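The values are calculated or read from the model by the stated rules, or taken from the named source; none is laboratory data. As the structure is a computational prediction, the values presented were derived from the model and not from experiment. We place every Cβ from the backbone using ideal geometry, glycine too, and count neighbours over all the protein chains shown.
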Amino acid sequence: MPFDVTRARNETPGCTGVAHFNNAGSALPPARVTDTMVDYLRTEAQIGGYEAEDLAQQRIAAVYSSIARLLNASPDDIALTDNATRAWQAVFYALRFGPGDRILTAGSEYASNAIAYLQIARRTGARVEVVDNDASGRLDVADLRRRIDPKVKLIAVSHVPTQGGLVNPAEEIGAVAREAGIPFLLDACQSAGQLDLDVERIGCDALSATGRKYLRGPRGTGFLYVHPRLRERLEPAMLDLHSARWTSPAEYVVDPTAKRFEVWERDFAAVLGLGAAVDYALEWGLPAIEARVLTLGATLRSRLSALDGVTVHDAGTRKCGLVTFSIKGVPADDVKAQLNATKVNTSISRATSAQYDFTARHLPDLVRASVHYYNTEDEIDRLIEALPAAR
(Lines give C-alpha, C1' and ligand atoms only; values in the text may rest on other atoms or scores of the structure.)
Protein backbone atom coordinates (compact mmCIF):
# COMPACT_ATOMS: atom_id res chain seq x y z
CA MET A 1 0.00 0.00 0.00
CA PRO A 2 1.46 3.43 -0.95
CA PHE A 3 2.47 5.61 1.99
CA ASP A 4 -0.11 8.37 2.53
CA VAL A 5 2.29 11.31 2.49
CA THR A 6 -0.54 13.81 2.04
CA ARG A 7 -2.16 12.69 5.29
CA ALA A 8 1.19 12.78 7.11
CA ARG A 9 1.83 16.34 5.95
CA ASN A 10 -1.72 17.51 6.71
CA GLU A 11 -1.28 16.21 10.26
CA THR A 12 2.08 17.99 10.63
CA PRO A 13 1.59 21.77 10.84
CA GLY A 14 5.30 22.48 10.43
CA CYS A 15 5.31 21.09 6.91
CA THR A 16 3.64 24.28 5.67
CA GLY A 17 6.54 26.45 6.79
CA VAL A 18 9.79 24.57 6.23
CA ALA A 19 11.37 21.68 4.37
CA HIS A 20 12.59 19.89 7.46
CA PHE A 21 15.67 17.71 6.95
CA ASN A 22 16.78 17.80 10.59
CA ASN A 23 14.78 14.82 11.78
CA ALA A 24 17.84 13.19 13.35
CA GLY A 25 18.04 16.33 15.49
CA SER A 26 14.42 16.98 16.36
CA ALA A 27 11.58 16.05 14.02
CA LEU A 28 8.41 18.03 13.39
CA PRO A 29 5.68 16.72 15.72
CA PRO A 30 2.24 15.72 14.50
CA ALA A 31 -0.53 18.00 15.75
CA ARG A 32 -1.85 15.40 18.17
CA VAL A 33 1.45 15.42 20.12
CA THR A 34 1.30 19.18 20.62
CA ASP A 35 -2.42 19.07 21.40
CA THR A 36 -1.91 16.31 23.98
CA MET A 37 0.73 18.33 25.80
CA VAL A 38 -1.14 21.63 25.71
CA ASP A 39 -4.38 20.01 26.91
CA TYR A 40 -2.57 18.44 29.85
CA LEU A 41 -0.87 21.70 30.78
CA ARG A 42 -4.24 23.46 30.74
CA THR A 43 -5.59 20.81 33.09
CA GLU A 44 -2.64 21.35 35.43
CA ALA A 45 -3.31 25.08 35.39
CA GLN A 46 -7.01 24.56 36.19
CA ILE A 47 -6.86 21.91 38.92
CA GLY A 48 -3.24 21.59 40.06
CA GLY A 49 -0.23 19.51 39.07
CA TYR A 50 -0.69 16.57 41.46
CA GLU A 51 -4.40 16.43 40.74
CA ALA A 52 -3.85 16.41 36.98
CA GLU A 53 -1.39 13.54 37.39
CA ASP A 54 -3.94 11.59 39.44
CA LEU A 55 -6.55 11.99 36.68
CA ALA A 56 -4.04 10.84 34.04
CA GLN A 57 -2.78 7.69 35.78
CA GLN A 58 -4.22 5.27 33.22
CA ARG A 59 -2.89 7.35 30.32
CA ILE A 60 0.56 7.52 31.92
CA ALA A 61 0.59 3.75 32.42
CA ALA A 62 -0.38 3.33 28.77
CA VAL A 63 2.83 5.09 27.69
CA TYR A 64 4.86 2.17 29.07
CA SER A 65 2.66 -0.28 27.18
CA SER A 66 3.00 1.67 23.94
CA ILE A 67 6.80 1.78 24.15
CA ALA A 68 6.82 -1.91 24.99
CA ARG A 69 4.82 -2.59 21.82
CA LEU A 70 7.25 -0.47 19.82
CA LEU A 71 10.18 -2.61 21.00
CA ASN A 72 8.45 -6.01 21.44
CA ALA A 73 9.10 -5.90 25.17
CA SER A 74 7.17 -6.02 28.44
CA PRO A 75 5.95 -2.79 30.10
CA ASP A 76 7.95 -3.82 33.19
CA ASP A 77 11.11 -3.60 31.07
CA ILE A 78 10.54 0.10 30.26
CA ALA A 79 11.70 3.18 32.16
CA LEU A 80 10.86 6.78 31.24
CA THR A 81 13.58 9.42 31.40
CA ASP A 82 14.03 13.04 30.41
CA ASN A 83 16.41 12.25 27.53
CA ALA A 84 18.26 9.42 25.81
CA THR A 85 21.62 10.22 27.40
CA ARG A 86 20.18 9.93 30.91
CA ALA A 87 18.55 6.65 29.91
CA TRP A 88 21.87 5.31 28.61
CA GLN A 89 23.79 6.58 31.63
CA ALA A 90 21.34 4.96 34.05
CA VAL A 91 22.51 1.54 32.89
CA PHE A 92 26.15 2.33 32.13
CA TYR A 93 26.91 3.90 35.50
CA ALA A 94 25.20 1.02 37.32
CA LEU A 95 27.71 -1.45 35.86
CA ARG A 96 30.84 -2.26 37.83
CA PHE A 97 34.29 -2.13 36.28
CA GLY A 98 37.74 -2.80 37.68
CA PRO A 99 41.37 -2.67 36.58
CA GLY A 100 41.88 -4.47 33.29
CA ASP A 101 38.17 -4.83 32.51
CA ARG A 102 37.41 -4.10 28.88
CA ILE A 103 34.62 -2.06 27.25
CA LEU A 104 34.16 -2.81 23.55
CA THR A 105 32.59 -0.19 21.30
CA ALA A 106 32.41 0.85 17.65
CA GLY A 107 34.48 3.28 15.63
CA SER A 108 31.32 5.25 14.92
CA GLU A 109 30.53 5.81 18.60
CA TYR A 110 28.88 9.01 19.84
CA ALA A 111 30.70 11.60 21.95
CA SER A 112 28.56 11.39 25.10
CA ASN A 113 29.00 7.63 25.28
CA ALA A 114 32.73 7.74 24.52
CA ILE A 115 33.29 10.39 27.19
CA ALA A 116 31.52 8.16 29.72
CA TYR A 117 33.74 5.20 28.76
CA LEU A 118 36.86 7.32 29.18
CA GLN A 119 35.67 8.67 32.52
CA ILE A 120 35.05 5.19 33.91
CA ALA A 121 38.37 3.98 32.49
CA ARG A 122 40.13 6.84 34.28
CA ARG A 123 38.32 6.10 37.54
CA THR A 124 38.62 2.31 37.59
CA GLY A 125 41.52 1.22 35.41
CA ALA A 126 39.19 -0.36 32.87
CA ARG A 127 40.12 -0.12 29.18
CA VAL A 128 38.14 1.15 26.20
CA GLU A 129 38.67 -0.75 22.95
CA VAL A 130 37.36 0.30 19.57
CA VAL A 131 36.41 -2.69 17.44
CA ASP A 132 37.65 -2.56 13.85
CA ASN A 133 35.35 -1.59 11.00
CA ASP A 134 34.72 -3.97 8.14
CA ALA A 135 35.34 -2.96 4.53
CA SER A 136 32.00 -1.13 4.36
CA GLY A 137 32.64 0.94 7.49
CA ARG A 138 30.28 -0.79 9.90
CA LEU A 139 31.43 -2.63 13.04
CA ASP A 140 33.33 -5.78 12.07
CA VAL A 141 31.53 -8.62 13.86
CA ALA A 142 34.41 -11.03 13.20
CA ASP A 143 36.82 -8.66 14.98
CA LEU A 144 34.32 -8.25 17.81
CA ARG A 145 34.21 -12.02 18.24
CA ARG A 146 38.02 -12.24 18.24
CA ARG A 147 38.24 -9.76 21.10
CA ILE A 148 35.91 -11.63 23.45
CA ASP A 149 37.50 -12.93 26.65
CA PRO A 150 36.58 -13.02 30.37
CA LYS A 151 37.81 -9.45 30.85
CA VAL A 152 35.18 -8.01 28.46
CA LYS A 153 32.47 -6.62 30.73
CA LEU A 154 30.39 -4.62 28.23
CA ILE A 155 29.64 -4.31 24.54
CA ALA A 156 28.15 -0.87 23.88
CA VAL A 157 27.35 0.40 20.39
CA SER A 158 25.32 3.13 18.72
CA HIS A 159 22.88 1.48 16.32
CA VAL A 160 22.84 4.47 13.96
CA PRO A 161 25.66 6.96 14.61
CA THR A 162 24.99 10.68 14.72
CA GLN A 163 27.29 11.41 11.77
CA GLY A 164 25.78 9.47 8.89
CA GLY A 165 23.52 6.85 7.38
CA LEU A 166 25.41 3.82 8.68
CA VAL A 167 23.35 1.12 10.42
CA ASN A 168 25.51 -1.07 12.65
CA PRO A 169 24.71 -4.83 12.65
CA ALA A 170 22.86 -4.88 15.97
CA GLU A 171 21.45 -8.39 15.63
CA GLU A 172 24.85 -9.89 14.84
CA ILE A 173 26.39 -8.01 17.76
CA GLY A 174 23.60 -9.29 19.98
CA ALA A 175 24.31 -12.88 18.95
CA VAL A 176 27.98 -12.50 19.94
CA ALA A 177 27.03 -10.91 23.27
CA ARG A 178 24.48 -13.59 24.14
CA GLU A 179 26.88 -16.40 23.26
CA ALA A 180 29.55 -14.89 25.51
CA GLY A 181 27.19 -13.81 28.30
CA ILE A 182 28.34 -10.19 28.07
CA PRO A 183 25.89 -7.28 28.56
CA PHE A 184 25.03 -5.49 25.32
CA LEU A 185 23.92 -1.85 25.61
CA LEU A 186 22.45 -0.45 22.39
CA ASP A 187 22.09 3.28 21.82
CA ALA A 188 19.00 3.52 19.59
CA CYS A 189 18.73 7.30 19.78
CA GLN A 190 18.81 7.68 15.97
CA SER A 191 17.10 4.40 15.04
CA ALA A 192 13.98 4.41 17.22
CA GLY A 193 11.14 5.68 15.06
CA GLN A 194 12.81 5.17 11.68
CA LEU A 195 13.76 1.47 11.90
CA ASP A 196 11.60 -1.43 13.02
CA LEU A 197 13.16 -2.41 16.36
CA ASP A 198 12.61 -5.72 18.14
CA VAL A 199 14.70 -6.21 21.28
CA GLU A 200 14.15 -9.97 21.21
CA ARG A 201 15.47 -10.18 17.66
CA ILE A 202 18.34 -7.79 18.41
CA GLY A 203 19.26 -9.57 21.62
CA CYS A 204 20.34 -6.46 23.52
CA ASP A 205 20.25 -6.36 27.32
CA ALA A 206 19.47 -2.65 27.36
CA LEU A 207 18.41 -0.05 24.81
CA SER A 208 18.15 3.72 25.16
CA ALA A 209 16.26 6.15 22.94
CA THR A 210 14.84 9.66 22.72
CA GLY A 211 11.42 11.01 21.89
CA ARG A 212 12.41 14.11 19.91
CA LYS A 213 14.05 12.52 16.87
CA TYR A 214 12.38 10.00 14.55
CA LEU A 215 9.56 9.27 16.98
CA ARG A 216 8.42 12.89 16.54
CA GLY A 217 7.81 13.39 20.24
CA PRO A 218 8.69 16.33 22.51
CA ARG A 219 12.14 17.37 23.59
CA GLY A 220 13.02 16.43 27.15
CA THR A 221 11.79 12.85 26.78
CA GLY A 222 13.59 9.53 26.55
CA PHE A 223 13.14 5.92 27.50
CA LEU A 224 15.10 2.88 28.48
CA TYR A 225 14.57 -0.83 27.95
CA VAL A 226 16.34 -3.21 30.34
CA HIS A 227 15.91 -6.99 30.15
CA PRO A 228 15.38 -8.74 33.52
CA ARG A 229 18.59 -10.76 33.03
CA LEU A 230 20.57 -7.52 33.35
CA ARG A 231 18.17 -5.50 35.48
CA GLU A 232 18.25 -7.97 38.35
CA ARG A 233 22.05 -7.59 38.54
CA LEU A 234 22.10 -3.81 38.69
CA GLU A 235 21.45 -1.32 41.41
CA PRO A 236 21.31 2.17 39.87
CA ALA A 237 23.98 4.65 40.82
CA MET A 238 21.26 6.95 42.21
CA LEU A 239 17.96 6.08 43.88
CA ASP A 240 15.02 8.03 45.22
CA LEU A 241 11.63 7.28 46.77
CA HIS A 242 10.27 6.32 43.33
CA SER A 243 13.02 3.94 42.21
CA ALA A 244 13.22 2.35 45.66
CA ARG A 245 10.97 1.96 48.72
CA TRP A 246 12.15 2.98 52.20
CA THR A 247 11.02 -0.04 54.21
CA SER A 248 12.46 0.80 57.64
CA PRO A 249 14.77 3.44 59.11
CA ALA A 250 17.83 1.46 57.95
CA GLU A 251 16.49 -0.46 54.93
CA TYR A 252 15.25 0.10 51.39
CA VAL A 253 14.10 -2.15 48.54
CA VAL A 254 14.79 -1.33 44.91
CA ASP A 255 11.84 -1.46 42.50
CA PRO A 256 11.87 -4.83 40.70
CA THR A 257 10.89 -3.31 37.33
CA ALA A 258 12.81 -0.96 35.06
CA LYS A 259 11.29 1.88 37.09
CA ARG A 260 14.34 1.44 39.33
CA PHE A 261 16.09 3.62 36.72
CA GLU A 262 13.55 6.46 36.98
CA VAL A 263 13.17 9.40 39.36
CA TRP A 264 9.97 10.64 40.94
CA GLU A 265 9.64 14.11 39.40
CA ARG A 266 8.92 14.41 35.69
CA ASP A 267 7.14 16.50 33.09
CA PHE A 268 3.88 14.61 32.65
CA ALA A 269 2.79 16.76 29.73
CA ALA A 270 5.95 15.60 27.94
CA VAL A 271 5.38 11.99 29.02
CA LEU A 272 1.91 12.02 27.50
CA GLY A 273 3.26 13.76 24.41
CA LEU A 274 5.80 10.95 24.05
CA GLY A 275 3.03 8.40 24.38
CA ALA A 276 1.00 10.16 21.70
CA ALA A 277 4.04 10.17 19.39
CA VAL A 278 4.70 6.46 19.91
CA ASP A 279 1.05 5.61 19.31
CA TYR A 280 1.11 7.70 16.15
CA ALA A 281 4.15 5.81 14.87
CA LEU A 282 2.51 2.50 15.69
CA GLU A 283 -0.57 3.52 13.70
CA TRP A 284 1.58 4.02 10.61
CA GLY A 285 3.50 0.84 11.30
CA LEU A 286 7.26 0.79 11.74
CA PRO A 287 7.88 -1.45 8.69
CA ALA A 288 6.06 1.09 6.50
CA ILE A 289 7.92 4.01 8.10
CA GLU A 290 11.26 2.28 7.66
CA ALA A 291 10.59 1.53 3.98
CA ARG A 292 9.58 5.15 3.30
CA VAL A 293 12.51 6.69 5.18
CA LEU A 294 15.11 4.40 3.62
CA THR A 295 13.74 5.10 0.13
CA LEU A 296 13.89 8.87 0.65
CA GLY A 297 17.37 8.59 2.14
CA ALA A 298 18.58 6.64 -0.89
CA THR A 299 17.01 9.21 -3.22
CA LEU A 300 18.71 12.13 -1.48
CA ARG A 301 22.02 10.29 -1.38
CA SER A 302 21.82 9.58 -5.10
CA ARG A 303 20.90 13.16 -5.99
CA LEU A 304 23.78 14.57 -3.95
CA SER A 305 26.29 12.08 -5.35
CA ALA A 306 25.48 13.24 -8.88
CA LEU A 307 26.55 16.82 -8.16
CA ASP A 308 30.00 18.12 -9.04
CA GLY A 309 32.09 18.86 -5.97
CA VAL A 310 29.71 17.11 -3.55
CA THR A 311 30.89 14.07 -1.60
CA VAL A 312 28.53 11.86 0.39
CA HIS A 313 30.24 10.32 3.41
CA ASP A 314 27.77 7.66 4.60
CA ALA A 315 29.33 4.29 5.38
CA GLY A 316 27.94 0.78 5.74
CA THR A 317 26.21 -1.82 3.62
CA ARG A 318 22.82 -0.83 5.01
CA LYS A 319 22.01 2.87 5.13
CA CYS A 320 19.13 4.76 6.70
CA GLY A 321 17.59 8.23 6.60
CA LEU A 322 20.66 10.20 7.72
CA VAL A 323 22.71 11.62 4.84
CA THR A 324 25.99 13.43 5.43
CA PHE A 325 27.90 15.30 2.78
CA SER A 326 30.45 18.02 2.08
CA ILE A 327 30.87 20.51 -0.77
CA LYS A 328 34.36 21.16 -2.01
CA GLY A 329 35.64 24.51 -0.80
CA VAL A 330 32.48 25.41 1.13
CA PRO A 331 32.47 25.06 4.94
CA ALA A 332 29.57 23.03 6.33
CA ASP A 333 28.32 26.00 8.37
CA ASP A 334 28.05 28.10 5.20
CA VAL A 335 26.08 25.35 3.45
CA LYS A 336 23.71 25.07 6.39
CA ALA A 337 23.23 28.84 6.54
CA GLN A 338 22.43 29.09 2.83
CA LEU A 339 19.91 26.26 3.09
CA ASN A 340 18.37 27.79 6.19
CA ALA A 341 17.88 31.08 4.34
CA THR A 342 15.58 29.21 1.93
CA LYS A 343 13.70 27.51 4.83
CA VAL A 344 15.42 24.16 4.32
CA ASN A 345 16.51 22.81 7.70
CA THR A 346 19.66 20.71 8.09
CA SER A 347 22.31 20.31 10.79
CA ILE A 348 26.07 19.89 11.17
CA SER A 349 27.94 16.75 12.22
CA ARG A 350 31.17 17.84 13.87
CA ALA A 351 34.36 15.98 14.68
CA THR A 352 33.79 16.61 18.39
CA SER A 353 30.71 14.36 18.20
CA ALA A 354 32.52 11.43 16.61
CA GLN A 355 36.25 11.65 17.25
CA TYR A 356 37.04 7.99 16.52
CA ASP A 357 35.37 8.16 13.12
CA PHE A 358 36.24 11.67 11.93
CA THR A 359 39.87 11.31 12.99
CA ALA A 360 40.28 7.95 11.24
CA ARG A 361 38.64 9.19 8.03
CA HIS A 362 40.20 12.70 8.14
CA LEU A 363 36.78 14.28 7.74
CA PRO A 364 35.83 17.95 8.02
CA ASP A 365 32.58 19.04 9.62
CA LEU A 366 29.75 17.62 7.52
CA VAL A 367 26.27 18.78 6.57
CA ARG A 368 23.67 16.31 7.80
CA ALA A 369 20.30 16.09 6.05
CA SER A 370 18.00 13.56 7.69
CA VAL A 371 14.74 12.62 5.96
CA HIS A 372 11.44 11.49 7.44
CA TYR A 373 8.34 9.99 5.92
CA TYR A 374 6.59 13.36 5.62
CA ASN A 375 9.36 14.72 3.40
CA THR A 376 8.77 14.70 -0.35
CA GLU A 377 10.75 14.45 -3.54
CA ASP A 378 9.83 18.10 -4.21
CA GLU A 379 11.50 19.07 -0.94
CA ILE A 380 14.59 17.11 -1.95
CA ASP A 381 14.58 19.20 -5.16
CA ARG A 382 14.42 22.35 -3.01
CA LEU A 383 17.43 21.23 -1.01
CA ILE A 384 19.46 20.36 -4.12
CA GLU A 385 18.60 23.65 -5.86
CA ALA A 386 19.52 25.72 -2.79
CA LEU A 387 23.01 24.25 -2.36
CA PRO A 388 25.97 26.54 -3.01
CA ALA A 389 28.26 25.59 -5.89
CA ALA A 390 31.57 23.93 -5.14
CA ARG A 391 34.57 26.29 -5.22
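See the values below:
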item: Residue that is assigned by TED's automatic domain parsing to the domain that holds Asp134 and either modelled with pLDDT under 95 or assigned to a helix (DSSP H, G or I) (or both), where the choices are Ile182, Ile155, Ile173; result: Ile173
item: Every pair of residues 6+ apart whose Cβ atoms lie under 9 Å, when the first sits in the stretch 55-66 and is under 14 Å from Leu282 (Cα atoms) while the second is surrounded by fewer than 15 Cβ atoms within 10 Å (Cβ to Cβ) and not β-branched (Val, Ile, Thr); result: Ser66/Leu282
item: Top-ranked residue of the stretch 352-378 - restricted to ones that are surrounded by fewer than 20 Cβ atoms within 10 Å (Cβ to Cβ), over 17 Å from Ser305 (Cα atoms) and of a type in the set (D, E, K, R), ranked as farthest from the chain's Cα centre (by Cα); result: Asp378
item: Matching residues, the stretch 101-126, being touching a strand residue (DSSP E or B) at 6+ places or on another chain (Cβ under 8 Å) and surrounded by fewer than 16 Cβ atoms within 10 Å (Cβ to Cβ); result: Leu118
item: Top-ranked residue of the stretch 1-22 - restricted to ones that are free of Cβ contacts under 8 Å to residues at least 24 places away in the same chain and assigned to a helix (DSSP H, G or I), ranked as surrounded by the most Cβ atoms within 10 Å (Cβ to Cβ); result: Gly14
item: Residues being surrounded by fewer than 18 Cβ atoms within 10 Å (Cβ to Cβ) and either assigned to a helix (DSSP H, G or I) or in contact with a Gly (Cβ under 8 Å, 6 or more places away or on another chain) (or both) - total across the stretch 45-89; result: 20
item: Long-range neighbours under 7 Å by Cβ, at least six apart or interchain, first residue in contact (Cβ under 8 Å) with a residue 60 or more places away in the chain within the stretch 272-296, second of a type in the set (Phe, Trp, Tyr) and not in a helix (DSSP H, G or I); result: Ala288/Phe3; Ile289/Tyr373; Arg292/Phe3; Arg292/Tyr373; Val293/Tyr373
item: Filter result for the condition that a residue is in contact (Cβ under 8 Å) with a residue 40 or more places away in the chain, under 16 Å from the mean Cα position of the chain (by Cα), surrounded by 23 or more Cβ atoms within 10 Å (Cβ to Cβ) and on the phi < 0 side of the Ramachandran plot, over Asp187, Asp198; result: Asp187
item: Some residue of the stretch 293-309 being at positive phi, of a type outside the set (A, V, I, L, M, F, W, C) and not assigned by TED's automatic domain parsing to the domain that holds Leu139; result: yes
item: Any hit, the stretch 144-155, residues being buried (at least 22 other Cβ atoms within 10 Å of the Cβ), under 25 Å from Leu366 (Cα atoms) and of a type outside the set (S, T, N, Q); result: no
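Okay, residues lined up against (1) closer than 30 Å to Thr295 by Cα; (2) in contact with a Ser or Thr (Cβ under 6 Å, 6 or more places away or on another chain); (3) touching a residue at least 40 places away in the same chain (Cβ under 8 Å):
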residue	(1), (2), (3)
Thr162	yes, yes, yes
Ile173	yes, no, no
Gln194	yes, no, yes
Leu230	no, no, yes
Leu234	no, no, yes
